[in-house]
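Trainee: Mind looking over this structure? Questions follow.
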Amino acid sequence: MLVGNGIEDEEKWLAEGIAGIQHHAFYMHRALDANNLRETLKYSAQMLSELRTSKLSPHKYYELYMRAFDELRKLEMFFKEESKHGVSIVDLYELVQHAGNILPRLYLLCTVGSVYIKSKEAPARDVLKDLVEMCRGVQHPIRGLFLRSYLAQVSRDKLPDLGSEYEGDADTVVDAVDFVLQNFTEMNKLWVRMHYQGPGQIREKREKERSELRDLVGKNLHVLGQIEGVDLEMYKGTVLPRVLEQVVNCKDELAQYYLMDCIIQVFPDEYHLQTLETLLGAFPQLQPTVDIKTVLSRLMDRLSNYAASSIEVLPEFLQVEAFAKLSNAIGRVIETQVDMPIVGVIALYVSLLTFTLRVHPERLDYVDQVLGACVKKLSGKPKLEDNRATKQVVALLTAPLEKYNDIVTALTLSNYPRVMDCLDNGTNKAMAMVIIQSIMNNNTCISTADKVEVLFELIKGLIKDLDGTSVDELDEEDFKDEQNSVARLIHMLYNDDPEEMLKIIYTVKKHIMSGGPQRLPFTVPPLIFSALRYVGYGLQLVRRLQCQDGDVVGEEVPATPKQIFQLLNQTIDALSSVSSPELALRLYLQCAEAAGACDLEPIAYEFFTQAFVLYEEEIADSKAQVTAIHLIIGTLQRMNVFGVENRDTLTHKATGYSAKLLKKPDQCRAVYACSHLFWVDDQDGIKDGERVLLCLKRALRIANAAQQMIAVTRGRSGPVTLFVEILNKYLYFFEKGNPQITTDAIGGLVELITTEMQSDSTTVASDAFFSSTVRYIQFQKEKGGALGEKYASIKV
Amino acid sequence: MNFIVGAFKPPCIVSISFADGRTRKQVPLKKENGHTVMVPLFQSQENIVGEVLIEPIHGKKLEHTGVKIELLGQIELYFDRGNFYDFTSLVRELDVPGELYEKKTYPFEFSTVEMPYESYNGVNVRLRYILKVTISRNYVSNIVEHQDFVVQNYTPLPSINNSIKMEVGIEDCLHIEFEYNKSKYHLKDVILGKIYFLLVRIKIKNMELEIRRRESTGSGPNTYVETETLAKFELMDGGPVRGESIPVRLFLSPYELTPTYRNINNKFSVKYYLNLVLVDEEDRRYFKQQEITVYRLET
């Protein structure tokens, strides 16, 4: 038979079957109307004979069955009314058994049996027992399943359950349960027997068809779940063991999966909890191909929901040691099912973890245990390649983070980093990012060095190059993102206690130093600033102590900044050696300033020295040099820690470097910036007017030279911007009261600029700048006051 | 009938009636011509009492050389049709030779008649009981009238009634064990039992239980055996697996059985068998036949 034709043929056969049923049903109805029992039985048997077909797929057979089912309802009504047919129900029960064909016979028997129970002329248990036993005669899987399903259907409301009107004298619930169990067992056997062992394509189709019938079998479990009389005792003693026995013994993948799931779904959570051991004991005995993880996950889901439903049930969980049992069961399942893919294993652990987190959130040791088990399973294997498995591991790692909303908790889990080790580099990084995100989102402060240590262990994928990743592979953007995250993270590592903070800083340094040239520029600055913040804090502390207790200065507290600065020195040194000299220079200056603020002159001096060395040796680019020299000048200007000698050395150097810049305008600007080094507008700042003037004059000379150079090379004079800028400096120092800056000098400069501008009228910008400046002078003159008087003598 | 009777102009009407004819149980009996008539039912050792009424046709004189009534038990074998073998023959003289002018009744009585065999209508044999009235005449043929009646004999409950239990099979192919609860069943009995499958390596389509009747007639080289299947009762639909046990419950009442007859007067036997048939998907039949004894239980 070709598969293609099969479908059409089936339609035809179904139509024939339905026509047959209708035909016989017509005569049956006539006989019913005439109250003719003999004819009724004859035609009903003929009608039911249509169900003897073997040609239909389960789906089509179901349609046929439903037609017959409707007719049987009418028949049952007729059987009920003895006055119509005049035969006692007992005799009727025998009479229908005269039918020669078994299938119609048993359908009729079940129908009469249902009436028989209703009549209460015999105990329900006896009738049910007889029916379920007689049904053994149909061994054809589909026909048997439907017959027994019919039996289950008609008997459903007639079980001798507790409180039912069919309840007998003693222990009748047992009979009800026995009946359902037996029917279930037989149905399952039939169902399993449908398992087709032919070629793949047909098998797939058959298995699909078979799967459609599963609810027929599962219905029995439903009924069991609804029997009032099934209390925990009975469930434990009878129902569960027998159902499990059947499930295990049937050795069928489809059935085992479905039925285990059914058990979990139809019986109350409380029962599951109390019979956990038995239930779980069945899992390792299932076929290796059964999707145990899904079933177990559902069980754990249900249990955790149950636990969540009410606090009162939690002691039950503890009492039955639910966690230990589940954990053991999972271990055993994994052990026995050698072929289970790794993704399945991890999925199981994820479920268990979820369960633990929901039921025993306070038991971190449980969580750690789960992770440990997972590590054990994963260790000794190559890193995970499977995408789905990786996803599961990520889920495993994310779950505790989400639950506790607090990385600190996760840091106490000793197996956490070991699980992370199992991830491939990419995922490992992603996971590390998740951890950092979690810290950021919750604004968690990591406050001990130990935790920091663990944390860095976790995110080491971001901190250093792992084996096997070449740098080229990295996406630059991602890399930046990652490193920026790490930088942000460093700020979260903080403790108010200086001693601990110092340890933290040491730990961080240790880790980031291993980061390699690519990472250092990202990670060093936050470390420096974090440390400087600490130094600043220590300083405040010292000051506060001094305020409170006069001269009492903590012995170790001032010692600490020194250590820190030493550390920082080394750190920045590392940075300069990896070709980020500009960054290093900035950091040196930053440190120098901080050291200055701490009154640590030698250290500050050392930092400056380093900065200058860097300037000399590493910074070659002229633009960078300009920037650097301005930075140096700026920083130096603000420092007041240095003694005269040191300061002279440094300012001298700075001025010297300024004059040696490549471009004249740069030189000029650097030099006039240097003038500020000699005039600190502070109460106790130095005010060396002479040297200011020297600088400015030198700047003027350079500006002049620049102007001439332009005139020579381009044949016309250059812009006067530099002169205007110098003029502004003059005005600044003039206002600040430098005696060396005279009104004459200013007037001369203005004149010079005016002359220069006449020979060159092209530059509008400098023109505007100059006229603004002149306007400012005018304004000051007109404003009057002390400053106005000073300005008054300036000739414009 | 009247027309035919009229044509031959029998000189009188003869009728036989039983003393307890109104109360006695009547059973159907199939006659040679295919008609079924109701006849009284007797059992062995009963008294058969009644009267014979002879009514000459009005105004005619009936001369006779004597009137007698016989009770005959006869066996007729169909290969020797028309030749009746009387295993029982009792005679009562009703009248001495003389003349009859008007109707006359003759009472008769056969007391505690030994009728060891039951009436039986088989394929090749018939066993019947009749009352035969003969009015003997000179020169012309005798006037003969028959009345059939049926004899059924009851058997007490057998003291020993073992179950039938047997394991049969085809090596490495099919092994079953079957059990019927008794070896002797009465006519309205139920056969209970089960079939247990020890080994199934063939694809069985269904299984049925047949009731077969084996009638053997004659003896020696002239033995004729006729087997009929009276019942086909499906026990199982579809193929079982190892370890299945299939229940048997067969009510005998719907079937027209007789008791088992063993060697009736050395002329014939009727035996019953249960035949368990398994049919595989290629329609091959595997069967095992077991004799059962059927008896009539007094109700």
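Computed from the coordinates by the stated procedures, all read-outs in this text should not be read as laboratory data. Fair warning: this is a prediction, and the values are worked out from it, not measured in the lab. As a convention, Cβ positions derive from the backbone with ideal geometry for all residues, glycine included, and neighbour counts pool all protein chains shown.
Trainee: Where both partners of a DSSP beta bridge lie in the protein assembly as shown, what percent of those bridges are antiparallel, to the nearest 5?
Mentor: Details: 110 of 118 bridges.
So the antiparallel bridges in the protein assembly as shown amount to around 95 percent.
Trainee: Out of all DSSP beta bridges in the range B:164-295, what portion is antiparallel? Express it as a percent rounded to 5.
Mentor: Antiparallel: roughly 95 percent of the beta bridges in the range B:164-295.
Trainee: Would you work out the relative contact order for the range A:390-445, in percent, from Cα pairs under 8 angstrom that are 6 or more residues apart? It would help to have the intermediate numbers written out before the result.
Mentor: Values: 32 pairs, mean separation 26.2, N = 56.
Relative contact order of the range A:390-445: 47 percent.
Trainee: Next question, about the same structure. For the range B:164-295, how many pairs of lysine residues have a Cα-Cα distance under 22 Å, where the two are 8 or more positions apart or belong to different chains?
Mentor: Counting lysine pairs in the range B:164-295 gives 28.
Trainee: Taking 8 Å as the Cα distance limit and 6 or more residues as the minimum spacing, I'd like the relative contact order of chain B as a percentage.
Mentor: Details: 696 pairs, mean separation 43.5, N = 299.
Across chain B, relative contact order equals 15 percent.
Trainee: Could you tell me which GluC sites (Glu not before Pro) in the range B:1-109 are loop residues by DSSP with no more than 12 other beta carbons within 10 angstrom of their beta carbon? Before the final figure, lay out each step's value.
Mentor: Values: sites: B:E32, B:E46, B:E51, B:E63, B:E70, B:E76, B:E93, B:E99, B:E102, B:E109; in loops: B:E32, B:E46, B:E102.
Loop-located and lightly packed - B:E32, B:E102.
Trainee: Next question. Can you sort A:W13, A:W679, A:W191 by how many other beta carbons sit within 10 Å, fewest first?
Mentor: Placing the least packed residue first, the sequence is A:W13, A:W679, A:W191.
Trainee: How big is D for the range B:164-295, in µm² s⁻¹ as a whole number, if Stokes-Einstein is applied with the Kirkwood radius of its Cα pairs at 37 °C and 0.692 mPa s?
Mentor: It diffuses with D of about 209 µm²/s by this estimate.
Trainee: Taking the Cα centre of chain A as the origin and placing charges on Cβ (Lys, Arg +1; Asp, Glu -1), which of A:V247, A:L722, A:V345 is farthest toward the positive end of the dipole?
Mentor: About the Cα centre, the residue reaching furthest to the positive side is A:L722.
Trainee: Same structure, new question: Provide, for the range B:1-146, the number of lysine pairs with alpha carbons under 28 Å apart, each pair being eight or more places apart or on different chains.
Mentor: Lysine pair count for the range B:1-146: 27.
Trainee: Whole number please: convex hull volume per residue, Cα atoms of the range B:117-239, in Å³. Could you put the intermediate results ahead of the total?
Mentor: Working: hull volume 25.1 nm³, N = 123.
It is 204 Å³ per residue.
Trainee: With the Cα gyration tensor of the range A:1-113 giving a ≥ b ≥ c as the square roots of its eigenvalues, does the rule (a/c under 1.5 for rounded; else a/b larger than b/c for prolate; else oblate) give rounded, prolate or oblate?
Mentor: Here the range A:1-113 falls in the prolate category.
Trainee: Another question, then. Just to be sure I follow: if Rg is taken over the C-alpha atoms of the protein assembly as shown and Rh is the Kirkwood radius over the same atoms, what is Rg/Rh? Write down the numbers at each step before the final one.
Mentor: On the way: Rg = 58.1 Å, Rh = 41.9 Å.
That ratio is 1.38, to two decimals.
Trainee: Okay, next question. Determine which lysines satisfy two conditions relative to A:K205: a Cα distance under 21 Å, and not lying fewer than 8 residues away in the same chain.
Mentor: Partners within reach: A:K12, A:K55, A:K60, A:K189, A:K251.
Trainee: Taking every eigenvalue of the Cα gyration tensor of the range A:212-259, multiplying by 5 and rooting it, what semi-axes result, largest first, whole Å?
Mentor: 21, 14, 5
Trainee: Using just the helices of the protein assembly as shown, give the 222 nm mean residue ellipticity in deg cm²/dmol: DSSP H runs with n ≥ 4 each add -39,500 (n - 2.57), and the total is spread over all residues, rounded to 500.
Mentor: The helix-only estimate for the protein assembly as shown comes to -17500 deg cm²/dmol at 222 nm.
Trainee: Any idea what angle helix A:58-80 forms with the longest principal axis of chain A, computed on alpha-carbon atoms, 0 to 90 degrees, nearest 10?
Mentor: On a 0 to 90 degree scale, this one is about 50.
Trainee: If you take the Cα atoms of the range A:232-291, find Rg, then find the Kirkwood Rh from the mean of 1/r over all pairs, what is Rg/Rh?
Mentor: Rg divided by Rh gives 0.95.
Trainee: If you filter the range A:28-108 for chymotrypsin sites (Phe, Trp or Tyr not before Pro), then keep DSSP loop positions with at most 14 other Cβ within 10 Å, what is left?
Mentor: none
Trainee: Can you bin the range A:566-650 into rounded, prolate or oblate? Criterion: square roots of the alpha carbon gyration tensor eigenvalues sorted a ≥ b ≥ c, rounded for a/c under 1.5, prolate for a/b above b/c, oblate for the rest.
Mentor: oblate
Trainee: So, one more: What does the C-alpha gyration tensor say about the overall shape of chain B? Classify as rounded when a/c is under 1.5, otherwise prolate if a/b is larger than b/c, or oblate. Show your work: numbers first, answer last.
Mentor: Values: a/c = 3.27, a/b = 2.82, b/c = 1.16.
The shape class here is prolate.
Trainee: Which of the peptides A:726-735, B:22-31, A:580-589 is most tightly packed, and how do the rest follow, judged by the mean count of other Cβ atoms within 10 Å per residue?
Mentor: A:580-589, A:726-735, B:22-31
Trainee: With an 8 Å Cα cut-off and a minimum separation of 6 or more residues, compute the relative contact order for chain A in percent.
Mentor: 4 percent
Trainee: Per residue of A:131-143, what is the mean number of Cβ atoms on other protein chains within 10 angstrom of that residue's Cβ?
Mentor: Values: counts 0, 0, 4, 3, 1, 9, 13, 6, 13, 7, 2, 1, 2.
Mean shielding by partner chains, rounded to a whole number: 5.
Trainee: Mind checking Rg over Rh on the range B:12-151, alpha carbons, Kirkwood formula for Rh?
Mentor: 0.98
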